[in-house]
Amino acid sequence: MDYLERVRQVKKSSKRGDYLLYWMQGAFRVEYNHSLEFAKYLAIDKNLPLKVLVVVDFSYKDANYRHFKFFIDGLLELADRFKDLKISFHVKIGPFTEIVPQYLRKADSLITDKAYLKWLKDVRNEIYKNNDVNIYEVDTNLVVPVQAASTKIEYGAYTIRPKIHKLKEKFLNDFVIFDYQGGSFEIENDLNGLSIDEKLKSVHYLKPVDFKGGESEADKLLRDFLNEKYYFFAEKRGDPALDFESNLSFYLHFGFISPIKILKEALKIDTNPENYETLFEQLVVRRELAHNFTYYCDDIYDLFSFLPDWAINTLIEHKNDMRNYRYTLEDFESFKTHDKFWNAAQYELIHKGKIHNYMRMYWGKKVIEWTESFEDAYKVLVYLNDKYALDGRDPNGYAGIAWCFGMHDRAFQERKIFGKVRYMSENGLKQKFDMNRYLSRVIS
Ligand SMILES: Cc1cc2nc3c(=O)[nH]c(=O)nc-3n(C[C@H](O)[C@H](O)[C@H](O)COP(=O)(O)OP(=O)(O)OC[C@H]3O[C@@H](n4cnc5c(N)ncnc54)[C@H](O)[C@@H]3O)c2cc1C
């Protein structure tokens, strides 16, 4: 079985049940979903029907209307896909720890997507602990499964890169589709019959962004990216005055698309190899470094528990340095700083649901420079990113913010406030890019 390195049996049981349960929790798609295929394989092997369960938990950590709207649009489409596949699909509203056990009572085995954040691992562990059933976790959202790439927290891209490159061929090509014919099936959807506002009445309102959730929307965006932007990706992706990013982070975050699919489609395009190399570096090396960080880090909210020693020492030395500007969370949130480029980045975050990758680094660095303490700056950044970014609450977000404080980076020449942590300046932006073009592109 080709998938075995993606699959971990986390609990064994002698209990026999009536069906296999795939609790879809991180990979909300049909294509390139190793968890779904493994569940189909087990169903064929055990000659039992398969049920796919999605739980919509409105108390999901830090999620608001913007996130749920995107997610639910994708789920509605998924229900149609499962109907076509004739596989039972259940969408239930309620807490994970109540709904999943209800479906486990008569289940033979549980298959679920691997989690990379501690709180999501804790939810799973509570369910695993209290239910006597065979349990399998499948690592389907990464090219190289997190535990296969490394068994410890990595220092930086330079340490994880060779590990990933060594294993990439194997894991880019391990996907197999199983021909499961389940016979009778049912589609049960708690979301049917309610307007979106009725469904989301208990959720904090935040205006949705101009992207629609779902697997087919992800496909459409991927095709547009490959046809229009990919030919110039290496050269232009880093320029905030231009719009050459893929925006696929929204869909990757919700598991509406697999990075393997993105790479396979990109490989079909006849273009300068630099474009594929740049995509691989971001989508695989950097993204999987971020997942390595959150998977092995005990507390992603405690800055000084995970930074490298050189960064901790230098920040402690500079913690009392005078800040020329000091802003509160409210100032930041309502883009009221003296810096029009920073304000534009925050505006972009609020209105588009993410910031251009170069400006995202600048955005993080300046909050450090203009906040009373490093701990407060970290809290402000996590709060703003998780609230407004549609791709927020993701390993990439926590690793990206941690990077601003020196994580996965090296020491630079010492200066005030930042010590040896890399600094970014407004002049640097103006020298490198047409920043007026960035302003007019972002602020409409
Ligand atoms: C302070 C800060 C906060 C960030 N917050 C988030 C976040 O909440 N969610 C998020 O997905 N990314 C975050 N990033 C990383 C990066 O900025 C985004 O992944 C990228 O801009 C997403 O846009 P895109 O999909 O158009 O990227 P593209 O340039 O088209 O890249 C394709 C994919 O590669 C991956 N990728 C690109 N850059 C990075 C990176 N630096 N680290 C890890 N993966 C990367 C993403 O999955 C992305 O979708 C953050 C970076 C910083 C510095």
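Treating the beta-carbon of each Lys and Arg as +1 and of each Asp and Glu as -1, no other charges, what is the dipole magnitude of the range 2-140 about its Cα centre, to the nearest 20 debye? Walk me through the intermediate numbers first.
On the way: 24 positive and 20 negative charges, 72 e Å.
In debye, rounded to 20, the range 2-140 gives about 340.
In terms of the ratio Rg/(2.2 N^0.38 Å) built on C-alpha atoms, what value belongs to the range 58-185?
1.28
Provide W310, W363 ordered by accessible surface of protein heavy atoms (probe 1.4 Å), highest first.
W310, W363
Going down the table (K336/K416; K152/K379; K166/K212; K40/K129; K106/K152; K201/K352), which pairs top 28 Å between alpha carbons? All intermediate terms of the calculation are to be shown ahead of the outcome.
On the way: K336/K416 24 Å; K152/K379 25 Å; K166/K212 36 Å; K40/K129 25 Å; K106/K152 37 Å; K201/K352 23 Å.
Where the Cα-Cα span goes over 28 Å, the pairs concerned are K166/K212; K106/K152.
Please list, short to long, the whole-number percent of alpha-carbon pairs of the range 175-230 in consecutive 5 angstrom bins beginning at zero.
P(r) over the range 175-230, rounded to whole percents: 4, 11, 10, 14, 16, 15, 13, 13, 3.
Around D62, with a cut-off of 10 angstrom between Cβ atoms, what is the net charge of the other residues, counting Lys and Arg +1 and Asp and Glu -1?
Summing Lys and Arg as +1 and Asp and Glu as -1 gives +2.
³J(HN,Hα) across the range 50-67 via Karplus (A = 6.51, B = -1.76, C = 1.60, θ = phi - 60°), whole Hz, x for Gly/Pro?
The phi angles translate into 10, 10, 9, 10, 10, 9, 9, 9, 6, 9, 3, 4, 6, 9, 10, 3, 4, 5 Hz.
Heavy atoms only, probe 1.4 Å: what % of the accessible area of the chain goes to carbon and sulfur, would you let me know?
48 percent
What fraction, in whole percent, of alpha-carbon pairs in the range 2-140 exceed 27 Å separation?
The calculated P(r) of the range 2-140 puts 14 percent of pairs beyond 27 Å.
Given a 1.4 Å probe and heavy atoms of the protein chains only, how would you sort D376, D394, largest accessible area at the top?
D376, D394
Accessible area, 1.4 Å probe, largest first: how do S184, S425 sort?
Values: S184 105, S425 40 Å².
The residues order as S184, S425, largest area first.
State the Cα centre-to-centre distance between the range 332-360 and the range 118-188 in whole Å.
Centre-to-centre distance over Cα atoms comes out at 34 Å.
PRE reach from D302 (point 7 Å along Cα→Cβ): which of the range 146-170 fall under 19 Å by backbone N?
Under cut-off, by backbone N: 153-154.
Within straight cross-link reach of K430, meaning Cα distance under 19 Å, which aspartates and glutamates are found once same-chain residues fewer than 8 apart are removed?
Straight-line reach from K430, under 19 Å: E235, D239, D243, D339, E348, E369.
Per Stokes-Einstein, at 20 °C and 1.002 mPa s, what whole-number D in µm² s⁻¹ belongs to the range 382-421, with the Kirkwood radius over Cα pairs as the hydrodynamic radius?
On the way: Rh = 11.2 Å.
For the chosen part, D equals 192 µm²/s.
Any idea what the dipole of the range 157-264 comes to, in debye rounded to 20, about its Cα centre with Lys/Arg Cβ at +1 and Asp/Glu Cβ at -1? Before the final figure, lay out each step's value.
Values: 16 positive and 18 negative charges, 141 e Å.
Dipole about the Cα centre, nearest 20: 680 debye.
The values are calculated or read from the model by the stated rules, or taken from the named source; none is laboratory data. All of these numbers come straight from a predicted model, not from anything done at the bench. Don't worry about glycine lacking a Cβ; one is built from the backbone with ideal geometry, like all the others, and counts go over all protein chains shown. We work out accessible area using only protein heavy atoms, side chains counted, and drop any ligands, DNA or RNA first. Shrake-Rupley method; radii C 1.70, N 1.55, O 1.52, S 1.80 Å.
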